[in-house]
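The values are calculated or read from the model by the stated rules, or taken from the named source; none is laboratory data. Keep in mind that what you see is a predicted model, and the values were worked out from it rather than measured. Because the Cβ atoms are built from the backbone with ideal geometry, glycine has one as well, and the counts that use them run over all protein chains shown.
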Amino acid sequence: MFSKLGAKISSDQKKTRKTKPSLAGTDFLSSWTELQLRESEAEELKKKCAERKEYLEILERRIEDLKKENADIYKPEYSHEAFLKDKEAKVSLKRVKREMKGLREKEAKVERLKEEYAEMTARKETLLCEVQKHSVYKDFMAEVLKLTRFEDVDALTGYFESLLHFRDQLYQKENQVQEQVDQQRRVLLTLEDQHNLLFLQKNNQLAHLQTELDRVRAEALIWDRRWSHIQETAAKKTLELGLIKMATLNLYESTGGVVGPEGVDINDTERQLEQIKSFIKDQKDIMKQYQVILQRKTDEENREAKPQSEANDK
């Protein structure tokens, strides 16, 4: 049976060698590894099948022997009563019963082993088919080995495995870098959100300050107008003050006041006003005295004129 399977595998391998698929590094190496695993499993199954087959042959021979012994025990020349009378016959009968029981158990075990053998045979057929399916990769590796500097397929496979290991490490580093980039991107988005929020706050603050500036400018315009009015009023008051000083100075000079080192300073308006006030008071006193004198004269004239008028009347 195994020789037939081997011939079938070799013929299928010859058929599959005609087509050489082009695979990527990972698929090719995985197929090569799987092929080696399948071959090792097939070898183990061959050994197990041979052991089970040998064990089944032993069990079948033992079953045949037990059947013969059972047939000899139940032959017509032996009576049941004779066995009961004979002590050795009883022992033999018990032994036969035990062996019959063991025989039934062994038959059940044989059936179970047959089922396991059938399952293992089917498994072996499946593995052989998979080995046949992946044997093309072995041939392809042999062809590739001729084009490389490696001495055997294991060295080439180890080289591919190291390359895949380096690729996995680079992939892990790339994932780590990508995670860092994603983290930095999330940090950037957070900073942008904070910047936008701060920008909105500053815009609101700027709008508030602009409103306050407009209000202050309006108030400043009002105060500018008031200041202009105050300046105009101050100019008028200054002009009026100058006119008053000039008029006071003229009055002071007209009253006989002296301006200069010998008299009152030209800018000392208060003393000039006091001198004018004193002059006016003196003039009022003089006028009062003159009016009193004039009144006296008038009264005297009236008294003198009264007797003359009476005399004329008479």
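Assorted remarks:
- Residue count for the range 245-267 under the criterion of being assigned to a loop (DSSP other than H, G, I, E, B), within 15 Å of PHE279 (Cα to Cα) and in contact with a strand residue (DSSP E or B) (Cβ under 8 Å, 6 or more places away or on another chain): the result is 2.
- Condition check for GLN201: outside the structural domain of LYS53 (by TED's automatic domain parsing) and part of a helix (DSSP H, G or I): yes
- Residue within the range 66-81 that is surrounded by 13 or more Cβ atoms within 10 Å (Cβ to Cβ), modelled with pLDDT under 75 and among the small types (Gly, Ala, Ser) present: no
- Being of a type in the set (D, E, K, R) and either surrounded by 10 or more Cβ atoms within 10 Å (Cβ to Cβ) or part of a helix (DSSP H, G or I) (or both) holds for only one residue in ARG185, ARG149, and it is ARG185.
- Residue check for LEU163: surrounded by 10 or more Cβ atoms within 10 Å (Cβ to Cβ) and within 30 Å of MET141 (Cα to Cα): yes
- Residue among VAL136, VAL96 that is in the same structural domain as SER40 (by TED's automatic domain parsing), more than 23 Å from LYS53 (Cβ to Cβ), part of a helix (DSSP H, G or I) and modelled with pLDDT of 70 or more: VAL136
Listed here are the residues, each with its yes/no results for (1) touching a residue at least 60 places away in the same chain (Cβ under 8 Å); (2) in contact with a strand residue (DSSP E or B) (Cβ under 9 Å, 6 or more places away or on another chain); (3) not hydrophobic (A, V, I, L, M, F, W, C).
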residue: GLU116; (1), (2), (3): yes, no, yes
residue: LEU127; (1), (2), (3): yes, no, no
residue: MET141; (1), (2), (3): yes, no, no
residue: SER162; (1), (2), (3): no, no, yes
residue: HIS165; (1), (2), (3): no, no, yes
residue: ASP182; (1), (2), (3): no, no, yes
